[in-house]
Amino acid sequence: MKKLLLFSLLLSVIISCNENKKTSNTSTEPEQSIDKKWWKEAIVYQIYPRSFQDTDGDGVGDLQGIINRLDYVKDLGVTAVWLNPIYSSPNDDNGYDVSDYRNIMSDFGTMEDFDTMLSEMHARDIKLVMDIVVNHSSDEHPWFKESRSSRDNPYRDYYHWWPAEKGEPPYRYSLFDAEGNAWKYDEKTDAYYLHYFSQKQPDLNWENPKVRQEVYDIMTYWAEKGVDGFRLDAFQFAAKDTTFPEFPKGFEKNFIQYYAMQDGLHDYLKEMNEQVFSKYDVMSVAEGAGRTLEEAHELVDADRNEINMAYAFDGVDIPKAEGYKLSTFKETFSKWDSAFADKGWISIFLSNHDQARMVSRYANDSLPYRAPSAKMLNTFILSMRGTPYCYFGDELGMTNNPKLQNIEDYQDIAAINGYKKAKSQGEDMETFIQNLRFGSRDHGRTPMQWDASEHAGFTSGNPWLPINPNYVDVNTEAELADKNSVLNHFKKMTALRRGSDVLIYGDYALLLPEHPHVHAYTRSLGDEQFLVILNFSKEKVSVILEELGNFSELKINNYSNLNKKANELQLEPYQAVILAKS
Ligand code: GLC
């Protein structure tokens with residue numbers, strides 16, 4: 001589990017876009033005081049293509065499936081889609097091991113499908129953010145095949161090699177390796193190559209200007225096709241200390257310090273900005289918010305022309321199988337908000353393809369709490385300052401899948417190799433499995449639940465991961481028909497956010513910092529003010545707020561009743577309320 005924890009600690013995403021050429025597609029009147037940008041106003045919906053909609057019966061989602069569901073996506077009220085990698089890949093890490101950056105994975109379809117998908121998205125005013133995986137490639141990429149073929153091959157320096165005659169390379173930790181070592185011996189040239197992730201994901205050498213140019217050319221290829229943004233996968237690892245010093249004992253605990261954000265990273269991002277972002281109306285996303293708030297800020301400071309939006313992972317590191325404290329949650333999100341209060345921008349999310357389902361981790365997936373608590377979490381995501389990222393299925397309140405019980409049920413390389421490693425190190429395997437049941441990435445990857453028919457309408461074949469048995473009740477068809485569903489609450493929230501500058505740009509202020517169950521805050525812009533009150537517990541709780549009297553207009557409530565008297569509010573379990581100042 002240590003691997004999983006480290007892994008989630010590392011996952012930070014930064015969204016960037018070209019400051020110079022952006023056009024705001026949502027602003028109506030010029031506002032002096034706020035720096036309006038389309039990507040700040042975006043509501044991003046993340047689609048994991050393997051799991052969204054299959055149309056050819058192979059049990060794996062495809063681009064045609066996404067095309068078929070675009071009316072649904074539009075109807076959600078989201079404005080952009082972030083698509084996990086769809087390039088050719090041997091799928092060691094589900095597409096995060098790319099063997100051809102200018103081609104579509106055959107499981108997903110063809111380039112023609114891609115072009116249709118993009119134009120169909122644009123026809124609906126939905127923007128597309130592509131995942132760019134360039135800290136590493138697949139070992140099946142032609143660059144690596146060349147690189148490993150001889151020591152004097154022109155592609156040798158595209159990757160990091162350590163000749164065996166220098167002895168064992170200094171130990172480096174690998175996130176996905178069953179033995180844990182990031183150096184893999186390769187007989188052909190009697191040398192070791194570096195892979196921070198799996199053995200099939202060799203790290204690219206960013207110090208080589210040719211590698212960087214290849215990446216900018218790839219990004220340009222997609223930008224020319226008209227994509228609207230890039231998410232730079234695992235990018236904080238791109239800049240390494242290639243003298244490969246020995247690190248002090250225990251350095252793994254300080255993984256980011258030794259592995260990430262090394263010298264050169266800012267230069268690479270500036271160069272990327274110059275070569276790609278500044279030439280197109282694109283936003284870009286890269287993992288890595290750095291070691292400190294200051295570092296995160298430097299990455300997204302518009303004056304530096306690097307990238308724009310921090311996507312910090314502190315928030316998703318909070319829940320643990322044994323529970324978590326709401327105070328940590330409040331502190332974390334308040335801290336990140338304050339870091340970007342004056343300059344810069346952040347993203348808000350509680351789940352993605354590297355996390356288990358949010359309702360199972362932060363709230364309560366058992367009856368009768370699943371629906372109210374999923375609505376409450378969506379209210380949180382869509383009412384904070386920062387660009388919200390909504391992971392597919394969370395709009396329905398999809399939960400962790402009870403079918404994922406034993407290690408044989410999991411498919412994620414992080415789970416499988418993590419298990420092997422834990423076993424070889426004599427860890428407590430019962431705890432390891434408990435942690436997987438709570439937090440495995442596979443929980444977030446089980447197929448979308450469209451209806452109550454066989455395989456939840458996801459596929460006519462055999463789904464690549466088991467469908468959650470709760471699909472009979474938790475599915476889009478049922479939820480569209482129920483006006484009180486999680487889905488309809490989600491749509492109310494996206495509509496409210498799209499129409500409220502105060503929810504997008506307004507200042508955030510935490511109230512009731514000591515309350516053990518309630519997260520309450522205001523969002524304020526000019527004369528406008530919203531009050532958000534979220535009960536994170538299954539208890540009925542009461543809050544006393546002096547401000548309450550000023551807020552009489554009810555904007556959002558995930559219950560039909562509101563028990564409000566003078567300055568006191570009685571909250572139902574997981575009740576979520578947004579009130580506006582009258
Ligand atoms: C990022 C991705 C994750 C992937 C890893 C290696 O963290 O989000 O899914 O496994 O990079 O590419």
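The values are calculated or read from the model by the stated rules, or taken from the named source; none is laboratory data. In this text, all values refer to a predicted model and were calculated from it rather than measured experimentally. Positions of Cβ are generated from backbone atoms using ideal geometry, with glycine treated the same way; all protein chains shown enter the neighbour counts.
Points worth noting:
- When every residue of the range 185-193 is checked against the conditions, none turns out to be more than 30 Å from MET117 (Cβ to Cβ) and at pLDDT below 95.
- Selection within the range 156-179: residues that are within 16 Å of the ligand (Cβ to nearest atom) and of a type in the set (Gly, Ala, Ser). The member of this set that is nearest to TYR192 (Cα to Cα) is SER174.
- Taking the criterion of being part of a loop (DSSP other than H, G, I, E, B) and within 19 Å of PHE235 (Cα to Cα), the residues of the range 93-106 that qualify are ASP93, ASN94, GLY95, TYR96, ASP97, VAL98, SER99.
- Test for TYR192: is it farther than 13 Å from SER147 by Cα, among the aromatic types (Phe, Trp, Tyr), more than 26 Å from the chain's Cα centre (by Cα) and more than 14 Å from the ligand (Cβ to nearest atom): no
- Some residue of the range 197-215 being over 22 Å from ASN417 (Cα atoms), among the charged types (D, E, K, R) and under 22 Å from the mean Cα position of the chain (by Cα): no
- Looking at MET130, MET117, MET111, just one residue is over 18 Å from ASP186 (Cβ atoms), in the same structural domain as LEU265 (by TED's automatic domain parsing), modelled with pLDDT of 95 or more and within 16 Å of the ligand (Cβ to nearest atom), and that residue is MET130.
- Residue count for the range 82-100 satisfying the condition of being more than 13 Å from the ligand (Cβ to nearest atom) and surrounded by 23 or more Cβ atoms within 10 Å (Cβ to Cβ): 1.
Residues are listed down the side, and each one gets a yes or a no for (1) surrounded by 20 or more Cβ atoms within 10 Å (Cβ to Cβ); (2) within 16 Å of the ligand (Cβ to nearest atom); (3) without any contact (Cβ under 8 Å) to a residue 60 or more places away in the chain:
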residue: TYR221; (1), (2), (3): no, no, no
residue: GLU224; (1), (2), (3): no, no, yes
residue: VAL227; (1), (2), (3): yes, no, no
residue: PHE237; (1), (2), (3): yes, yes, no
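- All positions within the range 281-298 that are surrounded by fewer than 22 Cβ atoms within 10 Å (Cβ to Cβ) and either modelled with pLDDT of 90 or more or on the phi > 0 side of the Ramachandran plot (or both): ASP281, GLY290
- Output for the range 394-418, where each listed residue is without any contact (Cβ under 8 Å) to a residue 40 or more places away in the chain, buried (at least 21 other Cβ atoms within 10 Å of the Cβ) and more than 30 Å from VAL44 (Cα to Cα): none
- Options LYS540, LYS555; residue that is in contact with a Pro (Cβ under 7 Å, 6 or more places away or on another chain), at pLDDT 95 or above and surrounded by fewer than 19 Cβ atoms within 10 Å (Cβ to Cβ): LYS540
- Positions within the range 165-201 being of a type outside the set (Asp, Glu) and surrounded by fewer than 17 Cβ atoms within 10 Å (Cβ to Cβ), in sequence order: LYS166, GLY167, PRO170, TYR171, TYR185, LYS188
- Selection within the range 99-122 - polar (S, T, N, Q) and farther than 22 Å from TYR216 by Cβ: SER106, THR110, THR116, SER119
- Meets criteria (surrounded by fewer than 19 Cβ atoms within 10 Å (Cβ to Cβ) and in the same structural domain as ARG385 (by TED's automatic domain parsing)) for LYS320: yes
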